[in-house]
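All remarks here apply to the structure that follows.
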Amino acid sequence: MRKVAIIDLGTNTFNLLVASVNGDGTYQIIHSGKLPVKLGEGGINQKIITPAAYQRGLNAIGEHFRTILLHGATEVFAFATSATRNAVNGQDFVNDIKNLFGVEVKVIHGDEEAELIYLGVRQAVQLNSENVLIIDIGGGSNEVIIGNGNSYHWKKSYDLGISRLLQLFNPSDPISSAEVKSVEKFLEKELNDLAEPMKQFAPSMIVGSSGSFDTYRSILTAAKVISPNGNPSVEIPLDEYIKLHNHLISTTKEQRNSIPGMDPMRVEMIVLATIFTHFLVKKFGISRMMQSAYALKEGAVWRMINSNN
């Protein structure tokens, strides 16, 4: 049986998927894991991977390779996204990974990242002919896709990832209402070109595929608002999300750290992530919300099996 590994070198986390591929074009997930890296910390807006972040990245790749060997995967595919593609030393980082671990990292553009996210989400969420707004909130970039179960109609990668916003706004702890308004005003300007496709394709449901949405799900599951179901997607009641949003933006880091279900990796970033989410919900009159546990790496496996790319 063919076993493959996909490494997604994100800006906040390096994600790993190990899967067994069947002869009929299907696959089973053997292992799915992630490691905190914060590759963009301290340098993303200056377009550099700092020495500390660089070393954290190499260490995470080494740890993922131990897991890959443990599961017996013989093919490894690696994809680097925003922090690496925009950094002046991004190619050095990719070269070091090749020299140390023997894997060729493909640095992908935002358009391809968005496409892979769409292909991942489509496997987790039962999409039909109704258009939905898919978002992936990353550390370096946020991917926004409008599409349905058949295809996507519009996609764009915005350099509005949470590491960038954190370094740009450096919000108080807790964030003030004036700072929230400043972030929203900034998003209004930066997402100006989203208004036309939203009007044209009129999605009423948002589907989130990032660690932030995983965290919303985890917190609401711990609060017994959502029932644990083991599925790769779940509907998040919109009124409960808005309550959670209002709570998150009123808390300090220390308070967030003690919220049941909170991912420690998201404590610092979740406030700006939920401001981004809430902005889209409010601006475009979104009435439903779904979380997808599948994203880029699941999309990469699907594409590998179903095409020659």
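Temperature 4 °C, viscosity 1.567 mPa s: under these conditions the Stokes-Einstein estimate for segment 120-251, based on its Kirkwood radius over C-alpha pairs, is 80 µm² per second. Take the Cα of ASN45, step 7 Å toward its Cβ, do the same at ARG288, and the gap between the two points is 3.8 nm. With 28 Å as the limit, the listed pairs LYS155/LYS253; LYS98/LYS155; LYS3/LYS98; LYS155/LYS189; LYS224/LYS282; LYS106/LYS199 have LYS155/LYS253; LYS98/LYS155; LYS106/LYS199 beyond it between alpha carbons.
Over the chain, dividing the summed -39,500 (n - 2.57) contributions of all DSSP H runs of at least 4 residues by the number of residues returns a 222 nm mean residue ellipticity of -13500 deg cm²/dmol.
Extending 7 Å from Cα along the Cβ direction at ASP111 and again at GLN28 yields two label points whose distance is 3.8 nm. The relative contact order of the chain comes to 19 percent, based on Cα pairs under 8 Å that sit 6 or more residues apart. Over the Cα atoms of segment 1-48, the radius of gyration divided by the Kirkwood radius equals 1.21; this is the Rg/Rh ratio.
Overall shape of segment 90-149 was characterised from the C-alpha gyration tensor. The equivalent ellipsoid obtained from it has semi-axes of 31, 12, 8 Å, in decreasing order.
Highest mean packing first, where packing is the average number of other Cβ atoms within 10 Å per residue, the peptides 123-134, 140-151 line up as 140-151, 123-134.
Cα-Cα pairs above 22 Å in segment 167-309: how many percent? Display every interim value, and only then the final one.
Values: 4635 of 10153 pairs.
Of all Cα-Cα distances in segment 167-309, 46 percent exceed 22 Å.
Given a 1.4 Å probe and the protein chains as shown, TRP302 ends up with an accessible area of around 80 Å².
What net charge do the residues around PRO237 carry, taking every other residue with its C-beta under 10 Å from that of PRO237, with Lys and Arg at +1 and Asp and Glu at -1?
Values: positive: LYS243, ARG288; negative: GLU235, ASP239, GLU240.
Charge balance near PRO237 sits at -1.
Surface composition of the chain: carbon and sulfur atoms hold 49% of the protein heavy-atom accessible area at a 1.4 Å probe. With the convex hull of the Cα atoms taken as the outline of the chain, the averaged projected area works out to 15.2 nm².
Which whole-number value in Å² is the accessible area per residue of the chain, probe 1.4 Å?
Details: 13280 Å² over 309 residues.
Per residue, the chain has an accessible area of 43 Å².
The values are calculated or read from the model by the stated rules, or taken from the named source; none is laboratory data. If you're wondering where the values come from, they're calculated on a predicted model, not measured in any experiment. Don't worry about glycine lacking a Cβ; one is built from the backbone with ideal geometry, like all the others, and counts go over all protein chains shown. In case anyone asks, the SASA skips ligands and DNA or RNA and just uses the protein heavy atoms, side chains included. Shrake-Rupley method; radii C 1.70, N 1.55, O 1.52, S 1.80 Å.
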